[in-house]
Amino acid sequence: MSYTYRNPLQPFEFRDLIDMVEKGEILSPEMIQRGFVWGKTKIYDLFESIFKNYPIGIIILWEMDDELRMKIRSGEDIPIGFKPLIKLDHRPENPKYFVIDGLQRLISFILIKNGEAEVLHKQKEYKKQKVNIYYNPEEDRVGPRKGDVGKPAIPVADVFDEEKLGHYEHPILDKLYKLKYRIMTYKVPVYILSPRYDIIDIANIFNRINSKGTKIVLAQIITAYLAVTLREVALDLWEFIKRLRTRGLQISITTPAKSLSYLLIGTTQVKTMLDKVSKGEINRDHVSNMWRSLKTAYDNTFTILREHLGLTNTRILPSETPLTTFSIILYKIDKEYRIQRDPDFNKALALWFVMATFHGYYTGSTEVKIDKDIKSVEEALKNRKGLQGVIKALIDRLEEVVGPLDRTVDKVENITARDRKGKFLLYALLHMNRAVDWYTGQGLTAYSWDRIHLHHIFPRSMRLSRRQARYLNNIGNLTFIGDETNKRIRNKVPKVYLEELYNYLKEQYRDEETAKRKFNELLKSHFIPTDRRFWRNLSSFAERRKEQIVNFVKEHVIGYLREYVKGT
């Protein structure tokens, strides 16, 4: 392929990029960008760097070809959904680029200039975002709060508004105009990728860029090419992803793309799969048929994980990688080997999933581990070892990497509120133990994820000795309950609010024996000791509760898996 030389790295002024975003010339590919997630601190840090003329990194844009521009202008159906970075009152009239790297900075530019805007949020919707930055022209100082700069503290957004500038007088006005010029002419390096590059060119470019974001950017570009190379599959895949999102299952489009790639070519390298498809080495109809069956495997995956682990929202998952292996295994069993799965196998597979996730099994050498897992599963199936053989193969591989599953109990005892893997395990254990909200009696799966709270049984506001305080954020003091119950309890200690709960149940059932039985069932479902003596001391409570959680893991997770594979 030959090119007319054009330097792809160009300096753009702050005002040029602002203008391009406000006109809708820079768009976000709906499939691959995560939306705006920066907080006020990061926005201020960015502005301070511009104010001090520090470098802020390269923004990477991909130039659209003429055909795609025409389709976006006309609103024609296209493989990838595109959205402006801020809410516009019209369709983009002159789209030119989509942003590959730099979306957070570009949207922050708008917020710096305007003070507020409706920006493309992480749920692909537009939400109003505000930021306050102040400037003291007397001392030429900026800060995120008025008190940081002293008087006069002028909102930076006023500097870019001619009407508001008219309210200031000389010599302050002169200084504000100097600041405006300084910011507006700040140079930002922008790397523009030509629309003539094909996937191999793009891969080669980014393989030569030595930065921590390379793999992320490359994955985004490959995903975009999925839509170009396999249009019908990409459209259906994207509709599937959007359907999952309506159910709270917000997975990356690259997760099922990796599963599809592995089934087609034996590797999760989506780039390699698309290269083979574009060269005609893989039949496109074969890809479409395989995707339809894989889609069913993903639906079955989430059904099993919901039933056995209570997984109704993927935000609790520390990693999506185990989903790739899980879905491929179901595809192999259901589609290729046509073996009838039973509820015991589904439960065992779900328990393997929670163990692999909790131990961070797929951290590092991910592709190698997925490949070895699938091959060990296939070997069990080919040798007619049945579904028990599949689980044994997975457990053997897991223990080969993380050690005997019995060691899990040591890690469980050290889970804290900041441990994502531990919180997922705790949530799954509570679901398995049929935990319900204390006042509504509803199971955890009945709540939308934004209404479930990680609750400290002994409140964080308690004054504790150093010895007691180390238990505060430990798993022995953590559980999940509904938002209304959490508000009702507030900062009360358990010896108070658990007695209130018991009295509430007595009023509800008007029978002390029934109320006592229901009360004890509620406590046990959350691994809370029914002996009231434990409700007064955090350390003894946490130790007792940890013991009950560990025993549950031994019996109902590790014990179940050991029993299931016995005799294989």
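Give, rounded to the nearest 20 debye, the magnitude of the charge dipole that the range 284-354 has about its Cα centre when Lys and Arg contribute +1 at Cβ and Asp and Glu contribute -1 at Cβ.
Once rounded to the nearest 20, the dipole reads 140 debye.
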In the range 9-193, what is the volume of the convex hull around the alpha carbon atoms, normalised per residue and reported in Å³?
-> 113 Å³
Over the range 357-461, what is the relative contact order in whole percent, taking alpha-carbon pairs under 8 Å and six or more residues apart?
-> 20 percent
Estimated 222 nm signal from helices in the chain, with DSSP H stretches of n ≥ 4 weighted -39500 (n - 2.57), rounded to 500 | -16000 deg cm²/dmol
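Run the numbers on the range 9-193 and let me know its relative contact order in percent, using alpha-carbon pairs under 8 Å that are six or more apart.
33 percent
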Step through the table entries LYS42/LYS187; LYS258/LYS382; LYS335/LYS392; LYS23/LYS242; LYS52/LYS271, compare each Cα-Cα distance with 30 Å, and write down the pairs that go over it.
-> LYS52/LYS271
Cα Rg over Rh - the chain, Kirkwood | 1.03
Gap separating the Cα centres of the range 302-343 and the range 358-425, nearest whole Å = 14 Å
Return the tail of the calculated pair distribution for the range 412-560, meaning the percent of Cα-Cα pairs more than 21 Å apart.
-> 42 percent
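We did not get these values from a lab; they are worked out from the coordinates using the rules stated. As the structure is a prediction and not an experimental result, all values here were calculated from the model. Positions of Cβ are generated from backbone atoms using ideal geometry, with glycine treated the same way; all protein chains shown enter the neighbour counts.
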